[in-house]
Amino acid sequence: MKDMVEGYTTPDGRQIGGVLMELKNITLRFGGVVAIKDISFDIREGEIRAIIGPNGAGKSSMLNVISGFYVPTEGEVWFHGQKRPAMRPYQVARLGIARTFQNIALFDGMSVLDNIMTGRLTLMKSGLLTQAMWWGKAAAEEDEHREKVEKIIDFLEIQNIRKTPVGRLPYGLKKRVELARALAAEPKILLLDEPMAGMNVEEKEDMCRFILDVNDEFGTTTVLIEHDMGVVMDLSDRVVVMDYGRKIGDGPPDEVRNNQDVIDAYLGVAHE
Ligand SMILES: Nc1ncnc2c1ncn2[C@@H]1O[C@H](COP(=O)(O)OP(=O)(O)O)[C@@H](O)[C@H]1O
Ligand SMILES: [Mg+2]
């Protein structure tokens, strides 16, 4: 039973809440390129929401609109029941929305631990000046951040590489560190742009498990762009299908898989 306000329980017993974010008639243009064309959908609290579609469909652009990094040319984003105004980057960072990137964006020379700590920067109250004046207070705050980060490190099973420079890690582990850094911000919404692209089967299975565990353990609402249809079917509660900037499907995975427009545009052709 899907209720707009109350939410519902999934077949596997997870609780999905009411609408957390609503995207209303979003259009995004880059000069003459229309990356997103009049798309509306919502994201519910606690849900794993997938966005699929061929390359160039506008998926990453949509993630940037959700995060507040791009201001749509037309349309509105509603968050927590309020229309979200256009924001400056520092305001965006405080929204409680964290992300990973299609191309890994970590500091190669820094350790795993330090990379994950950067995920907490927006939560740190003590700037340099206050640190100079209130050394004790800042130190206590640092301990607290470190504790939270250690918890995430345990949760994602990367204790053994916490001191390793990220540049030395294999691809699959880098992706996991990126997930850890996003989680360190304690986000309300977690955005994952192709978290499993380029992974081998085993790495994919691990990542799937971690995404599910994170959702289960922290109740993190997750929006995920993914090409592997098996993964999408296994992970997501609902799927938005994009093609040439338009929305051509929206619903539970089973429903979307049987939608003729989706089959014609996307599922009919092979995707790696
Ligand atoms: N910053 C940008 N400037 C100009 N065009 C862009 C920019 N970002 C994306 N685009 C264009 O918008 C369209 C959608 O891109 P994107 O959102 O990256 O698609 P996807 O993630 O589905 O592959 C593409 O035609 C792309 O070239
Ligand atoms: Mg993309």
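Selection of segment 53-68 for residues being under 26 Å from R94 (Cβ atoms) and in contact with a helix residue (DSSP H, G or I) (Cβ under 6 Å, 6 or more places away or on another chain) yields only G68.
Within segment 155-167, the presence of at least one residue that is of a type in the set (A, V, I, L, M), touching a residue at least 12 places away in the same chain (Cβ under 8 Å) and not in a loop (DSSP other than H, G, I, E, B) is confirmed.
Kindly indicate whether G46 is more than 16 Å from ligand 2 (Cβ to nearest atom), open to solvent by less than 70 Å² (accessible area, probe 1.4 Å), at pLDDT 95 or above and not in a strand (DSSP E or B).
Answer is yes for this residue.
Residue pairs, Cβ under 8 Å, 6 or more apart or interchain, first in segment 52-63 and over 20 Å from M233 (Cβ atoms), second more than 6 Å from ligand 1 (Cβ to nearest atom) and of a type in the set (G, A, S). List them. Between residues of segment 52-63 that are over 20 Å from M233 (Cβ atoms) and residues that are more than 6 Å from ligand 1 (Cβ to nearest atom) and of a type in the set (G, A, S), the close pairs are G58/G245.
Results for (1) in contact with a helix residue (DSSP H, G or I) (Cβ under 7 Å, 6 or more places away or on another chain); (2) crowded, with 23+ Cβ neighbours inside 10 Å, shown as yes or no for each residue.
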residue	(1), (2)
K175	yes, yes
L183	yes, yes
E194	no, no
E205	no, no
F218	no, no
T221	no, yes
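The residues of segment 65-88 that are open to solvent by 70 Å² or more (accessible area, probe 1.4 Å), outside any loop (DSSP other than H, G, I, E, B) and either of a type in the set (D, E, K, R) or under 16 Å from P187 (Cβ atoms) (or both), listed by number, are E74, K83.
Being near ligand 1 (Cβ under 10 Å from one of its atoms) and under 23 Å from P187 (Cα atoms) is a property that M62 has.
Here's the yes/no breakdown for (1) free of Cβ contacts under 8 Å to residues at least 40 places away in the same chain; (2) assigned to a helix (DSSP H, G or I):
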{"position": "D216", "(1), (2)": "no, yes"}
{"position": "T222", "(1), (2)": "no, no"}
{"position": "V241", "(1), (2)": "no, no"}
{"position": "D250", "(1), (2)": "no, no"}
{"position": "V262", "(1), (2)": "yes, yes"}
{"position": "Y266", "(1), (2)": "no, yes"}
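The residue that is nearest to M62 (Cα to Cα), among those in segment 101-146 that are open to solvent by 60 Å² or more (accessible area, probe 1.4 Å) and at pLDDT 90 or above, is F107. No other residue among E205, E194, E186, E217 is modelled with pLDDT under 95 and in contact with a Leu (Cβ under 8 Å, 6 or more places away or on another chain) apart from E186.
For segment 1-24, the count of residues that are under 21 Å from M233 (Cα atoms), open to solvent by less than 40 Å² (accessible area, probe 1.4 Å) and of a type in the set (S, T, N, Q) is at least one. Taking G32 as the residue in question, decide whether it is of a type outside the set (F, W, Y), in contact with a helix residue (DSSP H, G or I) (Cβ under 9 Å, 6 or more places away or on another chain) and at pLDDT below 95. Against the criterion (of a type outside the set (F, W, Y), in contact with a helix residue (DSSP H, G or I) (Cβ under 9 Å, 6 or more places away or on another chain) and at pLDDT below 95), G32 does not qualify. Kindly establish whether V256 is over 22 Å from V92 (Cβ atoms), outside any loop (DSSP other than H, G, I, E, B) and within 16 Å of ligand 1 (Cβ to nearest atom). Against the criterion (over 22 Å from V92 (Cβ atoms), outside any loop (DSSP other than H, G, I, E, B) and within 16 Å of ligand 1 (Cβ to nearest atom)), V256 does not qualify. If the condition is being out of contact with any Lys or Arg (no Cβ under 6 Å at 6 or more places or on another chain), outside any strand (DSSP E or B) and in contact (Cβ under 8 Å) with a residue 40 or more places away in the chain, then segment 96-111 contributes F101, Q102, A105, L106, F107, D108, G109, M110. Filtering V223, V239 for residues that are over 18 Å from A98 (Cβ atoms), modelled with pLDDT of 95 or more and within 16 Å of ligand 1 (Cβ to nearest atom) leaves a single hit, V239.
Quick check: is even one residue across segment 53-64 away from ligand 2 (no atom under 16 Å from the Cβ), open to solvent by 20 Å² or more (accessible area, probe 1.4 Å) and not in a loop (DSSP other than H, G, I, E, B)? No: segment 53-64 contains no residue that is away from ligand 2 (no atom under 16 Å from the Cβ), open to solvent by 20 Å² or more (accessible area, probe 1.4 Å) and not in a loop (DSSP other than H, G, I, E, B).
The values are calculated or read from the model by the stated rules, or taken from the named source; none is laboratory data. Everything quoted here is computed from the prediction, not taken from an experiment. Here Cβ is always computed from backbone atoms with ideal geometry, including for glycine, and neighbour counts include all displayed protein chains. Quick note on the areas: whole protein, heavy atoms, side chains included, nothing else; ligands and nucleic acids left out. Shrake-Rupley method; radii C 1.70, N 1.55, O 1.52, S 1.80 Å.
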